[in-house]
Amino acid sequence: MKIGFIGLGNMGAPMAANLVAAGHQVTGFDTAALAPEGVAMAASAAAAAKGAEVVITMLPNGAILRAVAAEVTPAMDAGAVLLDCSTVDVASARDVAAMAAAVGLGALDAPVSGGVGGAQAGTLTFMVGGDDASFATARPLFEVMGSRAVHCGPSGNGQAAKICNNMILGVTMIATCEAFALADKLGLDRQAMFDVVSTSSGQSWSMTSYCPAPGIGPKSPADSDYRPGFAADLMLKDLRLSQEAAEAADADTPMGALAAALYARFVEEEDGRGRDFSAMLPRFEGRRRASP
Ligand code: NAD
C-alpha cells in the first residue's frame, strides 16, 4: 500500500519501519525527527499525504492532530483513509473524523497500547473507532504494526476505550503501590505479598505483569531503576484526557480524578517526570500517613 506517515517520534518511527519491512511504500513527515530507514521524507505533511491510500498520524495531542488534519485532508485522494494512532481527546477524534468525511475521506481513531517496545516488535493493540469500510482498509496495516485490533464502534470510540482502560490502569497501579508500601510497614515480605495478591482477588495487570516492586514477579521497569516503560508523564496525559471526557459526558469518576491529581503532583511537583509510572511505589515508601 502507499502510505503517508506523519509524526515519526518514539512510537511513529518503529511503526513506520515495520510497514516498510512488510513491503509497504511509506512517505513520512515530521517537524523534528529523522527519517527511519526506508521511509522517504516529504517536505510537508500535505506532500506526505498526497496520493496515499492511508495516511497515518502519530502525534503528541489533539490540537496538533487537528492542525495536521486540516492541512492533509484537502491534499488526500477521495476514498483514502486518515488513520490516527495518537492518544487524543475524544472530541478531537470526532471532529477530525467529521472533517475527513466532509471531503469524502474515511477516518479511524486507533490509539494503541503496548508502548515503544510493542511498536518496535509489531505487537501493539489498536482500539479502533470509525466505519467498517475504513476498518477493512486499515486491517492489513494493523496486522503489521500490532497483534490485535478491536473495532470499538463509531468515531471516537477507540479513544474512549483507551482512556477508560488507562484510567483503570492508573488507579490499580496506585492501589498496588500503596498496598506494597503498607505491607512494608506491617512487616510483610514483598515476595509473600506478591505470591498472595497475584493469585487472589487483589490481582491486576499492575501486580502480575508489571509489578512495581523490584526483583518481584516478571521483569518490569522496577528492575531497571524505574526507567520507562510507560512514563508517569504519559499516564498523567491519559488520566487528564479521561477527566476531560468525564467532565464533558457528565460521568462521576472519583477514583480517576484522584489518580489524575496524584500523578499530577508526582510529575509536576515531585520527582516523577521521566520515571516509569510504577515509580509510585518508591514515592509511597518515602511518605508517612500525615504527609499531605
Ligand atoms: P513523540 O513526541 O516521540 O513523537 C511525536 C512526533 O510528532 C515527534 O517526532 C514530533 O516532532 C512530531 N510532530 C509534532 N508536531 C508535528 C507536526 N505538526 N507535524 C509533523 N510532526 C509533528 O511521542 P510518542 O511517544 O511517539 O507518542 C505519540 C503518540 O502516541 C502520543 O499521542 C502518545 O500519547 C501516544 N502513545 C505513546 C506511547 C509511548 O509509550 N510512547 C504509548 C501509547 C501511546
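Couple of notes before you dig in:
- Exposed GluC sites (Glu not before Pro) absent: longest stretch of the chain, with sites in DSSP loops and at most 11 other Cβ within 10 Å deemed exposed: 38-268
- The chain - Kirkwood radius from inverse mean 1/r over Cα pairs (Å): 19.9
- Among ILE64, ILE3, the ranking by other beta carbons within 10 Å of each residue's beta carbon, starting with the fewest, stands as ILE64, ILE3.
- Distant-in-sequence amide contacts of ALA149, defined by a placed amide H-H separation under 5 Å and a gap of 5 or more residues or a different chain, comprise PHE126.
- Peptides 169-176, 131-138, 192-199 ordered by average Cβ neighbours within 10 Å, highest first: 169-176, 131-138, 192-199
- Overall form of region 183-292 per C-alpha gyration tensor (a/c, 1.5; a/b vs b/c): prolate
- Using θ = phi - 60° and Karplus 6.51 cos²θ - 1.76 cosθ + 1.60, couplings along region 11-28 (whole Hz; Gly, Pro as x): 8, x, 4, x, 5, 5, 4, 5, 5, 4, 4, 7, x, 7, 9, 10, 10, x
- The relative contact order of region 160-286, computed from alpha carbon pairs under 8 Å that lie at least 6 residues apart in sequence, is 32 percent.
- Under 26 Å from LYS185, Cα to Cα: lysines that are on another chain or at least 8 residues apart: LYS219
- Amide H contacts under 5 Å for VAL55, placed H, 5+ residues apart: GLY4, VAL81, LEU82, LEU83
- Inter-part distance where region 108-131 and region 5-79 are each reduced to a Cα centre, Å: 16
- DSSP bridge analysis restricted to the chain gives an antiparallel fraction near 15%, rounded to the nearest 5.
- Only Lys, Arg, Asp and Glu carry charge here, each on its Cβ (+1 for the first two, -1 for the last two); on that basis region 2-153 has a dipole of about 100 debye about its Cα centre.
- For the chain, the relative contact order comes to 12 percent (Cα pairs under 8 Å, sequence separation of at least 6).
- Near PHE180: Cβ cut-off under 12 Å, other residues only, Lys/Arg at +1 and Asp/Glu at -1. The net charge is -1.
- Long-range HN-HN contacts of LEU105 with modeled amide H, under 5 Å: GLY79
- For a paramagnetic label modelled on LYS219 (point 7 Å from Cα along Cα→Cβ), amide N atoms under 15 Å away are absent within region 154-198.
- Cα→Cβ-extended label distance, 7 Å offset, between LYS2 and ARG139, nm: 2.4
- Partners for LYS2 among lysines (Cα-Cα distance below 18 Å; same-chain residues under 8 apart left out): LYS50
- Dipole magnitude for region 157-292: about 220 debye, using +1 per Lys or Arg Cβ and -1 per Asp or Glu Cβ, origin at the Cα centre.
- Spin-label model, ARG265 to ASP195: label points 7 Å out along the Cα-to-beta-carbon direction sit 3.4 nm apart.
- Secondary-structure-derived ellipticity at 222 nm for the chain, considering helices only, amounts to -15000 deg cm²/dmol, per-run term -39500 (n - 2.57) for DSSP H runs with n ≥ 4.
- Subtracting the Cα-Cα distance of ARG289 and GLN25 from their residue separation scaled by 0.36 nm leaves 89.3 nm.
- In order through region 59-65: 3J(HN,Hα) via Karplus (6.51 cos²θ - 1.76 cosθ + 1.60), integer Hz, x for Gly, Pro: 10, x, 7, x, 5, 5, 4
The numbers here are math on the coordinates, done by the rules we state, and not lab data. Not measured: the values here are computed from a predicted model. Every residue, glycine among them, receives a Cβ derived from its backbone with ideal geometry; neighbour counts consider all protein chains shown.
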